[in-house]
Amino acid sequence: MARRRRTCSSRSHPQVAWLAARPRACPGNLARMLIADLLDLILPSSCVACGNPMAALCPSCAPRGELVSREIRGVTVTAAGEYRDGLRAGLLAYKERNRRDLAEPLGELLARAVDGLGGEGYVLTPVPSARRSARGRGGDHMFRLGRVAARCGARQLRPLLTLTRSVQDSAGLDVVERRRNLALAIRARSPRAGERGVVIVDDIVTSGATVAEAARALTAAGWHVRGAAAVASTPLQ
Ligand SMILES: [Zn+2]
């Protein structure tokens, strides 16, 4: 009988970990989130890209090659792969169809991208989600990915970034419009005693406007930004 690959996820049950550390949700959404979590625990999952019953994103569909690396306004950004094929299918299903069982394999890919930056002793911080879109997805999807990535690398995840005003959905905006949309829109908490280095984590890096604004806010708050890591990266548009 084929032995299943041991991964970071086998150390603890992802849904149980998420239930214990979920971000605050309004009471109306809480019941829906609990039902979705229970379904995830009961129903078997299959690969979102090819239907393989072995995993939510099977080894054939997950990127296995070299990390993608780019430089965005002085910030090194690594990603587990390009936003296409199985990775694109996985991220779309996770974000738009609420496939929570993908948090584990996508979070492991994010951990790989973080490792690619090298160094140690830094905390991870997720890019902020607009409150409305987080509610629509039954919680903060980036927070869940960040928790998995932090656990895999034995690092700390600290939500340091918040939006200071409402911003437009970036879909349909060009690079200049995205930068203008996010200009001075993010605020960062200052480091605590003994903290200094931080890595920004994101799901998909497109124009890099969010990473650039997050890095600006963190630097202004006194952090050393080691770089940014993402599950996937798209070519510059
Ligand atoms: Zn597959």
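Working note: Karplus 6.51/-1.76/1.60 with θ = phi - 60° gives the stretch 57-73 the couplings 9, 6, x, 6, 9, 7, x, 10, x, 5, 5, 8, 10, 8, 10, 10, 6 Hz, where Gly and Pro are set to x. For THR162 and GLU96, a Förster radius of 35 Å and the Cβ-Cβ distance give a FRET efficiency of 0.90, rounded to the nearest 0.05.
Among the trypsin sites (Lys or Arg not before Pro) in the stretch 66-112, those placed in a DSSP loop whose Cβ has at most 14 other Cβ atoms within 10 Å are ARG73, ARG84, ARG97. A DSSP coil position with no more than 13 other Cβ atoms inside 10 Å describes the following GluC sites (Glu not before Pro) in the stretch 47-134: GLU66, GLU120. Amide H contacts of VAL201: THR125, VAL127, ALA229, each under 5 Å away and 5 or more positions distant or on a separate chain (H built 1.01 Å from N in the peptide plane; Pro and chain starts excluded).
If R0 is 22 Å, the Cβ-Cβ spacing of GLU71 and ASP174 corresponds to a FRET efficiency of close to 0.65.
Coordinate-derived values only; no laboratory data. Treat the numbers as computed from the prediction; the structure is a model and nothing was measured. In this analysis, Cβ positions are derived from the backbone assuming ideal geometry, glycine residues included, and neighbour counts consider all displayed protein chains.
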